[in-house]
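Here it is: the structure, laid out below.
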Number of protein chains: 2
Amino acid sequence: MFPGRPNGSVSERIADAISSLLLPIVDNILDLHSFGPKWDCAPSIITHPIADVDLMTKTLRISEAFKLPVTLLWEHNDTAGMFDTWVHSLGKIFICTEFGGGEAHAEALTIYEAGVRNGLIALGLVEGKTEYPMFRQQKSGRTLETNPSDQLKSPAPGIFEPRCSVMDEVKQGDLIGILHPMDSLSAGSIDIRAPTTSVVFAIRSAGCVQGNEEVAMLARPLAP
Amino acid sequence: MFPGRPNGSVSERIADAISSLLLPIVDNILDLHSFGPKWDCAPSIITHPIADVDLMTKTLRISEAFKLPVTLLWEHNDTAGMFDTWVHSLGKIFICTEFGGGEAHAEALTIYEAGVRNGLIALGLVEGKTEYPMFRQQKSGRTLETNPSDQLKSPAPGIFEPRCSVMDEVKQGDLIGILHPMDSLSAGSIDIRAPTTSVVFAIRSAGCVQGNEEVAMLARPLAP
């Protein structure tokens with residue numbers, strides 16, 4: 001979609017206006033959105049690997065300054081035309097937040113406010129003192145990485161039953177969830193287990209899933 | 001809908017089958033469901049006032065034996081034909097669970113399993129030891145009551161911002177949430193405050209609401 005087209009579809013025209021009017025006058029882009037319903041996930045900043053080493057280092061440093069529970073380096077296959085890759089091609093900082101699952105409660109809103117304020121302080125745009133927001137009674141602030149093999153998928157269509165929680169530390173073989181097939185009364189339930197020592201970054205809430213649909217996203221501490 | 005009709009709509013026929021085939025052979029009815037999406041609420045057992053004092057006492061006693069975070073006596077205007085009022089008219093125990101908001105995560109599932117097992121132990125149907133499940137790092141188990149004036153509504157259409165969490169203790173005048181009107185750019189935000197000292201039983205998650213739509217449900221310890 002990005003950089004858009006001035007005479008394209010409505011979405012392409014919006015992308016064009018952002019690219020041609022807003023991007024030239026800003027240094028840092030904050031893309032504040034949430035992870036999506038039917039999931040539970042830690043409030044986090046997500047960034048993808050950036051080929052420009054200097055920009056990658058700067059992006060991670062500013063991301064961590066938000067002091068959100070997780071800063072996540074997410075390795076995945078790039079799609080051409082994304083907002084973030086376009087901003088990176090201009091050599092600018094792109095910070096993308098994932099503010100929890102589909103429902104935002106008071107705790108999450110408090111974390112977002114503190115996180116954005118922390119980020120603006122780190123960028124020198126506002127004055128103030130950095131706060132470390134609590135997430136589910138814990139002070140966290142971890143930098144993790146995840147890659148496509150950390151995305152666990154449902155082995156069959158059915159009802160997914162989550163058996164671990166966001167930020168749980170799991171070892172190889174630990175139970176992540178159970179898939180109860182619904183297309184056959186004789187099919188037994190299928191355990192979904194951790195392939196390796198990991199932290200649970202996000203997990204589907206209980207409910208129906210298709211076969212091969214994502215049900216959990218694991219991660220591990222970012223290698224130095 | 002209850003007791004149903006054998007030659008009525010599909011729903012009426014199901015109600016009739018439950019009334020004529022299942023109810024005569026059971027003593028206690030467990031109605032396990034959840035509170036609904038767009039809300040956060042404590043896993044709980046909800047019962048309405050029952051005119052038969054003996055049945056009311058028995059129902060509360062068995063409800064509390066589930067050891068869910070909350071047992072709630074909810075005074076509201078009865079609707080004719082509900083499953084619970086029909087069961088009560090037969091002099092049987094009706095236990096209705098509200099298993100949290102629209103999304104069920106691992107913590108909630110653990111609470112439900114323990115709660116149902118505790119209830120079956122109390123009814124003498126299975127053997128075992130009562131467990132006290134934790135809810136958000138706290139061991140709770142409170143009996144509360146709520147009435148129609150505890151249901152706080154949005155003062156206008158707009159975006160509701162929750163500013164307190166489930167199980168928070170609030171005093172008269174404490175901020176429950178903020179309504180940001182969306183139909184006028186000049187309209188200021190409106191604070192929604194606690195009318196009296198209460199416990200937050202359920203609260204809407206952040207998002208759009210209509211005018212006069214419920215955004216929070218308060219409660220207080222059940223008067224002896």
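Taking region B:70-107, which residues are part of a helix (DSSP H, G or I) and hydroxyl-bearing (Ser, Thr, Tyr)?
Correct list: B:THR85, B:SER89.
Here is a list of conditions, (1) surrounded by fewer than 16 Cβ atoms within 10 Å (Cβ to Cβ); (2) touching a Phe, Trp or Tyr at 6+ places or on another chain (Cβ under 8 Å), and A:GLY177 meets all of them except one; can you say which number that is?
Of (1) surrounded by fewer than 16 Cβ atoms within 10 Å (Cβ to Cβ); (2) touching a Phe, Trp or Tyr at 6+ places or on another chain (Cβ under 8 Å), only one is false for A:GLY177: (1).
Now a separate question. Restricted to region A:4-61, and to residues that are within 14 Å of another protein chain (Cβ to nearest Cβ) and touching a Pro at 6+ places or on another chain (Cβ under 7 Å), which residue is farthest from A:ILE176 (Cα to Cα)? Reasoning before the result, please.
Step one: of region A:4-61, the residues within 14 Å of another protein chain (Cβ to nearest Cβ) are A:32-43.
So of that shortlist, the ones also touching a Pro at 6+ places or on another chain (Cβ under 7 Å) come out as A:42-43.
Details: A:ALA42: 16, A:PRO43: 20 Å.
Only one residue tops the list, namely A:PRO43.
Consider B:TYR112 carefully, then state whether it is among the hydroxyl-bearing types (Ser, Thr, Tyr) and within 14 Å of another protein chain (Cβ to nearest Cβ).
For B:TYR112, the condition - among the hydroxyl-bearing types (Ser, Thr, Tyr) and within 14 Å of another protein chain (Cβ to nearest Cβ) - is met.
Restrict the check to region A:67-85 and report whether at least one residue is within 14 Å of chain B (Cβ to nearest Cβ), more than 30 Å from A:GLU161 (Cβ to Cβ) and at pLDDT below 90.
no
(1) under 15 Å from the mean Cα position of the chain (by Cα); (2) assigned to a helix (DSSP H, G or I); (3) surrounded by fewer than 17 Cβ atoms within 10 Å (Cβ to Cβ): which one isn't true of A:PRO49, the others all being true?
Here A:PRO49 meets the rest and fails (2).
Next up: Taking the conditions exactly as written (within 29 Å of A:MET56 (Cα to Cα), in contact (Cβ under 8 Å) with a residue 12 or more places away in the chain and touching a helix residue (DSSP H, G or I) at 6+ places or on another chain (Cβ under 8 Å)), does A:GLU131 satisfy them or not?
Details: within 29 Å of A:MET56 (Cα to Cα): yes; in contact (Cβ under 8 Å) with a residue 12 or more places away in the chain: yes; touching a helix residue (DSSP H, G or I) at 6+ places or on another chain (Cβ under 8 Å): yes.
Judged against the criteria, A:GLU131 is a match.
If we only count strands (runs of 3 or more DSSP E) wholly inside region A:172-224, which ones have 2 or more residues that are more than 19 Å from A:ARG142 (Cβ to Cβ) and in contact (Cβ under 8 Å) with a residue 60 or more places away in the chain?
On the way: elements: A:175-181, A:190-193, A:198-204, A:207-209, A:214-221.
Counting at least 2 such residues, we get A:214-221.
Search region B:207-224 for residues being of a type in the set (A, V, I, L, M, F, W, C) and under 25 Å from A:LYS38 (Cα atoms), and hand back the single one that is surrounded by the most Cβ atoms within 10 Å (Cβ to Cβ).
That would be B:ALA216.
In region A:123-136, which residues are over 21 Å from the mean Cα position of the chain (by Cα) and either not acidic (Asp, Glu) or not in a loop (DSSP other than H, G, I, E, B) (or both)?
A:LEU123, A:GLY124, A:LEU125, A:VAL126, A:GLY128, A:LYS129, A:THR130
A further question follows. State all residues of region B:144-171 that are within 14 Å of another protein chain (Cβ to nearest Cβ) and either of a type in the set (S, T, N, Q) or part of a helix (DSSP H, G or I) (or both); if no residue qualifies, say none.
B:SER165 - this is the single residue of region B:144-171 that is within 14 Å of another protein chain (Cβ to nearest Cβ) and either of a type in the set (S, T, N, Q) or part of a helix (DSSP H, G or I) (or both).
Got a sec? Which of B:SER140, B:SER154 is of a type outside the set (A, V, I, L, M), in contact with a Pro (Cβ under 7 Å, 6 or more places away or on another chain) and in contact (Cβ under 8 Å) with a residue 24 or more places away in the chain?
Selected residue: B:SER140, the only one of B:SER140, B:SER154 that is of a type outside the set (A, V, I, L, M), in contact with a Pro (Cβ under 7 Å, 6 or more places away or on another chain) and in contact (Cβ under 8 Å) with a residue 24 or more places away in the chain.
Looking only at region B:53-73, which residues are in contact with a helix residue (DSSP H, G or I) (Cβ under 7 Å, 6 or more places away or on another chain), surrounded by fewer than 20 Cβ atoms within 10 Å (Cβ to Cβ) and either over 16 Å from B:LEU123 (Cα atoms) or of a type in the set (Gly, Ala, Ser) (or both)?
If the condition is that a residue be in contact with a helix residue (DSSP H, G or I) (Cβ under 7 Å, 6 or more places away or on another chain), surrounded by fewer than 20 Cβ atoms within 10 Å (Cβ to Cβ) and either over 16 Å from B:LEU123 (Cα atoms) or of a type in the set (Gly, Ala, Ser) (or both), then B:ALA65 is the only one that fits.
From the set of residues in region A:180-206 that are β-branched (Val, Ile, Thr) and over 21 Å from the mean Cα position of the chain (by Cα), which is surrounded by the most Cβ atoms within 10 Å (Cβ to Cβ)?
Taking region A:180-206 first, the residues β-branched (Val, Ile, Thr) are A:190, A:192, A:196-197, A:199-200, A:203.
Pick out the ones that are also over 21 Å from the mean Cα position of the chain (by Cα) and you get A:190, A:192.
Details: A:ILE190: 14, A:ILE192: 21.
Result: A:ILE192.
The values are calculated or read from the model by the stated rules, or taken from the named source; none is laboratory data. Please read these numbers as outputs of a predicted model, since none were measured by experiment. Please note: Cβ atoms are built from the backbone with ideal geometry, for glycine as well, and neighbour counts cover all protein chains shown.
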